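The next block holds one structure in the form of structure tokens; read it before the comments.
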Amino acid sequence: MFSETIELRGHIIDSLILPKVLDQILTNGGNFKITEVQIGRKRADQSFARIEVSTETGEALDELILRLRQQGAEVLERANAQVAAAPADGVFPPEFYVTTNQQTFVRFGGKEIEVTPAIINSAIAVDRKRGRARAIKFFDVKKGDEIVVGHQGIRVVPVQRATTHTDPFQFINNIVDAEEPKSAIIREIAEELRRVRGARGKIAVVAGPAIVRTGGGGHLVRLIEGGCIHRLFAGNAFAAYDVEHAFFGTSLGLDPDVAIPRGGHENHLRAINAIREVGGIAAAVREKVLTSGIMHACVEHDVDIVLIGAVGDEGPIPGVTTDVIECEKILRTKLRDVTHVMLLATLRYSLALGAFLTNNVKTVCVDIDPPAVERAVERQPLQSIGLVTDVEPFLRELADCLSRSKVSW
Amino acid sequence: MRELLLCPPDYYGIEYEINPWMSVARGAETAIVQEQWKQLHARLSRFCKVHLIAPQPQLPDMVFTANAGLTVGRRFIPSNFRHKERAGEQPFFAKWMEQHGYEVDWLPEKLYFEGEGDALFGNDVLFCGYKFRSDIQSHRAIAEMLGCLAISVELVDPRFYHLDTCFCPLPDGGGFWFPNAFDEYGQRAIREHMTDLIDVAPEEAMHFSCNAVVIDRDIVLPEGAPQLVTELQERGYRCQALPMTEFIKAGGACKCLTMFMPQREKA
């Protein structure tokens, strides 16, 4: 939403200017909120109204304000945002403004510039010549960059709750706990995924090792084969568990199909070694060393795999990014076009990715641990569904729903 | 006796086009111009004391003195003309009024206001037209200066670009007007503050019949409005219709050629 505050003064009641202005706002597709009215008491007394005018687009607002100016509306001058130079590379000036993940505008020279991307816990760097405002992390900032400080001249527009039942993300109770039924919600999610695919949205999965350990890998493969996942984010462990399962039928030495230990940790390390030997996952698929599992399905179906490293990773598997700053840069780039994210059984990576999600990305978070779900959805209360459940039954039911669909994937 | 300000049409002509009536290809006939203006002058002189301001070369529209400003009591608020072609008239009118003992009260320069052309008292209300020539913001400033109720009405037909081309209040609280020249809000606002309004037919409005000078029961208006004249006579007014063809070519007639000094003694 774009908005301006206007003021009307004069004999605006007797002249019917106030109702005319309100009518013009509505008939031109805008909305208004009267924030102050003072009606003159005596005949010659003038009246006053302060009105917040909002529209869907900046162009519509400009056009509307032009019309309203003809009716005597004066646009309230908002203060410009304040900036200070970054004192050194990687350091923001004191009092720098810290972003939320809501749509944000900064005002300079009477014009508002939208901050992109709308990601949380960043500072705002301004390029006034180009009329650009970027949310940046510590690693982005260079000495002398103009950074917004204080709160003046900043406008944050929270996501509005939908008023019609067209968006399950805004109508389903945020978190569905362990004791509540889930089938209906999973059907809604399946429906949403189908709709998104038709609308050419981008769906990402952030996958935790529990998917493989609980035996849910096969269902995720069905989703990948169905073409409803475009990008997969995971840690080294997830990939290692998956290839171990593909090679030996175990994950960390446990056969998820029969729940019997077979081979202990040896299998895990041998699997990693096999992938390292051949040079990586894609090479392993190409050379038919890796012929099944989630990683295999991703390579076969052109799903972009983004692997992020952590301390304690075995290997790591080639292709895992181990530099933390590099990881952040990759996440920011790879999440830019994503419209929907499924955070599956991994609190660590859910939170890491959440820092780069804009507020218009819809998220589904599935985890067996209630606090993990709460933490993952709290940043996007109107854009997320959280389910407290084991991930395997969730994936099974979701894949079943989608495979039953009459629409071809 | 009411006092009026007129300006002889010595330099009058269609030298530019700033309203839909004007066409430099269709100039005014000088001899007829003189004759029509003299008739008006003679007629108004019967009921009023008529003052004359000296016309100035290169200011052909100075003849339309209604646009010089607004006079209330001994205060004169000079116009801020929207078009540069007419802006040169302002200092001559202000100086003349000052020399004749009026206190000149200036509006802020950025507010366009075209005097009595867009500001007419009806009942105890100052009706003000806006959009084509005057800005609505000027009305607020004038209402503050005069301490009166100003009703702002939007003009929507460019042929009726000043309030006095489509609205004429009468001393009995009524008036005559061409409603289609206003938007619906303006029409409602006028109806709420006026009684007994006579709607002028479109074909008569096109003869500038609303552009009339009203002095008590005498009304001087352009020829071409027999229906309106009948209605006014039925209400007890004496009407004198004058030929105004050469001034209508510039988008003006009887009222445009006349400024009240003052329009009201008190706001």
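The values are calculated or read from the model by the stated rules, or taken from the named source; none is laboratory data. What you see is a predicted model, and the numbers here were worked out from it, not measured in a lab. A quick note on method: Cβ atoms are made from the backbone with ideal geometry, for glycine too, and the neighbour counts reach across all protein chains shown.
In this entry, A:Thr363 passes the filter for residues that are polar (S, T, N, Q), crowded, with 23+ Cβ neighbours inside 10 Å and at pLDDT 90 or above.
Within segment B:148-162, the set of residues being out of contact with any Leu (no Cβ under 6 Å at 6 or more places or on another chain) and not in a strand (DSSP E or B) comprises B:Val156, B:Asp157, B:Pro158, B:Arg159, B:Phe160, B:Tyr161, B:His162. For segment B:102-134, how many residues meet the condition of being assigned to a loop (DSSP other than H, G, I, E, B) and either more than 13 Å from chain A (Cβ to nearest Cβ) or under 20 Å from B:Cys256 (Cβ atoms) (or both)? Residues flagged as assigned to a loop (DSSP other than H, G, I, E, B) and either more than 13 Å from chain A (Cβ to nearest Cβ) or under 20 Å from B:Cys256 (Cβ atoms) (or both) within segment B:102-134 amount to 12. Of the listed requirements (1) of a type in the set (Lys, Arg); (2) free of Cβ contacts under 8 Å to residues at least 24 places away in the same chain; (3) closer than 24 Å to B:Lys131 by Cβ, B:Lys95 misses just one: (3). Within segment A:338-374, being charged (D, E, K, R) and out of contact with any His (no Cβ under 9 Å at 6 or more places or on another chain) holds for A:Arg348, A:Asp367, A:Asp369, A:Glu374. Strands (runs of 3 or more DSSP E) fully within segment B:20-92 that include at least 2 residues being among the basic types (Lys, Arg) and modelled with pLDDT under 95: none found. When restricted to residues that are crowded, with 20+ Cβ neighbours inside 10 Å, hydrophobic (A, V, I, L, M, F, W, C) and either within 18 Å of the chain's Cα centre (by Cα) or not in a helix (DSSP H, G or I) (or both), segment A:194-211 contains 5.
Take the residues of segment A:104-127 that are surrounded by fewer than 13 Cβ atoms within 10 Å (Cβ to Cβ) and under 18 Å from A:Ala84 (Cβ atoms): which is modelled with the highest pLDDT? Checked segment A:104-127; the qualifying residue modelled with the highest pLDDT is A:Asp127. Is one or more of the residues making up segment B:159-173 within 14 Å of another protein chain (Cβ to nearest Cβ) and at pLDDT below 95? Taking every residue of segment B:159-173 in turn, none turns out to be within 14 Å of another protein chain (Cβ to nearest Cβ) and at pLDDT below 95. Note on segment A:1-56: among residues that are in contact (Cβ under 8 Å) with a residue 12 or more places away in the chain, more than 13 Å from chain B (Cβ to nearest Cβ) and not in a strand (DSSP E or B), the one that is surrounded by the most Cβ atoms within 10 Å (Cβ to Cβ) is A:Gly30.
Of the listed requirements (1) within 30 Å of A:Glu74 (Cα to Cα); (2) assigned to a strand (DSSP E or B); (3) more than 9 Å from every other protein chain (Cβ to nearest Cβ), B:Ile142 misses just one: (2). Flag set for A:Ala376, criterion: closer than 26 Å to A:Gly218 by Cα, part of a helix (DSSP H, G or I) and touching a strand residue (DSSP E or B) at 6+ places or on another chain (Cβ under 8 Å). Being under 21 Å from B:Leu44 (Cβ atoms), buried (at least 24 other Cβ atoms within 10 Å of the Cβ) and in contact with a strand residue (DSSP E or B) (Cβ under 8 Å, 6 or more places away or on another chain), is that true of even one residue in segment B:235-253? The answer is yes, given that some residue of segment B:235-253 is under 21 Å from B:Leu44 (Cβ atoms), buried (at least 24 other Cβ atoms within 10 Å of the Cβ) and in contact with a strand residue (DSSP E or B) (Cβ under 8 Å, 6 or more places away or on another chain). Please work out if A:Arg67 is more than 9 Å from chain B (Cβ to nearest Cβ), touching a residue at least 24 places away in the same chain (Cβ under 8 Å) and assigned to a strand (DSSP E or B). No. Note on segment B:179-203: residues that are within 14 Å of chain A (Cβ to nearest Cβ) and in a helix (DSSP H, G or I) amount to 10. When you go through (1) part of a helix (DSSP H, G or I); (2) on the phi > 0 side of the Ramachandran plot one by one for A:Gly315, which number turns out not to apply? The single condition A:Gly315 does not satisfy is (1).
Taking residues in segment A:280-305 that are within 17 Å of A:Leu220 (Cα to Cα) and in contact (Cβ under 8 Å) with a residue 40 or more places away in the chain, and partners anywhere that are crowded, with 22+ Cβ neighbours inside 10 Å and acidic (Asp, Glu), the pairs with Cβ atoms closer than 6 Å and at least 6 places apart or on different chains are A:Gly293/A:Asp242; A:Ile294/A:Asp242; A:Met295/A:Asp242. Taking the criterion of being loosely packed, with under 13 Cβ neighbours inside 10 Å and under 30 Å from B:Arg133 (Cα atoms), the only residue of segment A:77-103 that qualifies is A:Glu77. Determine, yes or no, whether A:Gly280 is at positive phi, in the same structural domain as A:Glu397 (by TED's automatic domain parsing) and in contact with a Gly (Cβ under 7 Å, 6 or more places away or on another chain). Yes; evaluated as a whole, the condition is true for this residue. Does B:Ser209 satisfy the criteria of being within 11 Å of another protein chain (Cβ to nearest Cβ), hydroxyl-bearing (Ser, Thr, Tyr) and in contact (Cβ under 8 Å) with a residue 12 or more places away in the chain? For B:Ser209, the condition - within 11 Å of another protein chain (Cβ to nearest Cβ), hydroxyl-bearing (Ser, Thr, Tyr) and in contact (Cβ under 8 Å) with a residue 12 or more places away in the chain - is not met. From the list B:Ala94, B:Ala119, the one residue that fits, being under 17 Å from the mean Cα position of the chain (by Cα) and small (Gly, Ala, Ser), is B:Ala119. Take the conditions closer than 19 Å to B:Ala66 by Cβ, polar (S, T, N, Q), within 14 Å of chain A (Cβ to nearest Cβ) and surrounded by 22 or more Cβ atoms within 10 Å (Cβ to Cβ) and apply them to B:Ser152. Does it pass? Yes; evaluated as a whole, the condition is true for this residue.
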